[in-house]
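Readers should treat all values here as calculations from the given coordinates under stated rules, not as data from a laboratory. Note that the structure is predicted; figures quoted are calculated from it, not measured. So basically every Cβ, Gly included, is an ideal-geometry build from the backbone, and we count neighbours across all protein chains shown.
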Amino acid sequence: MMKRIGLAFAGLGVGVAPAFAHLNPAEHGSFAAGFSHPLFGFDHILAMVAVGLWAALLARGTDRRAVWLVPAAFVGTMLAGFGAAMLGAPLPVVEPVILASVVAIGLLAAVALSVPTVAAMAMVGFFAFFHGHAHGGELGEAGAWQFAIGFAAATALLHAAGVLLGIGLGSRYGQVAARAAGALTAAGGLWLAFAG
């Protein structure tokens, strides 16, 4: 089963990568530019999938709603951050916080931290605001909302991939494998932080 899940994700990556050119958001404020944008940033991919993975782990506890509430909180707060950037609101240390989000959310999944769903929503929402602000800061004037809808849709799909990964790892050794995936995400975030 694990082999099939891995092959499915590999196929998804191969199938999607050539289909979307990474359009410059400042020049192409469109749905396609917004949708492709998160798919070409390793930091974004890791963080978004880790959110879904942690949500799936949380849903195994007392609140099954975490599986959709936590990703929804991320997407909603990310859009708020985007709006703040479009209004010209400054936000310091955006890129360092985005890198920290990869490590932090990966670690939350790695230790399978069990917190109330509202607390988890607030935790991912904090990082989401910075992700959204970064998207808004990269955009020119044209097509802001089409761009926002595009990156929100791609983010939701990446969350769904993490949720499916977490649910797919629901076998006897599934929680250990899911936590290992979280640890690998955190390691990827550290690599990104120190490789640059």
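How much FRET efficiency would the formula 1/(1 + (r/R0)^6) give for LEU157 and PHE194, where r is the Cβ-Cβ distance and R0 is 41 Å, rounded to 0.05?
0.90
Using 1/(1 + (r/R0)^6) with R0 = 22 angstrom and r between the beta carbons of ALA180 and SER114, what's the FRET efficiency to the nearest 0.05?
Approximately 0.80, to the nearest 0.05.
Among VAL102, VAL118, what is the fewest-to-most ranking by other Cβ atoms within 10 Å?
By the 10 Å Cβ count, ascending, the order reads VAL118, VAL102.
May I ask you to sort THR155, THR62, THR117 by Cβ crowding, counting other Cβ atoms within 10 Å and putting the fewest first?
Ordered by Cβ neighbours within 10 Å, fewest first: THR62, THR117, THR155.
List the pair-distance distribution P(r) of the range 30-195, using every Cα-Cα distance, as the percent of pairs falling in each 5 Å bin from 0 up to the bin containing the longest distance, rounded to whole percents.
Taking all Cα pairs of the range 30-195, the binned fractions are 2, 11, 19, 23, 20, 13, 8, 3, 1, 0, 0 percent.
Treat the count of other C-beta atoms within 10 Å as a stand-in for reagent exposure and order ASP43, ASP63 from fewest to most.
Fewest-to-most Cβ neighbours within 10 Å comes out as ASP63, ASP43.
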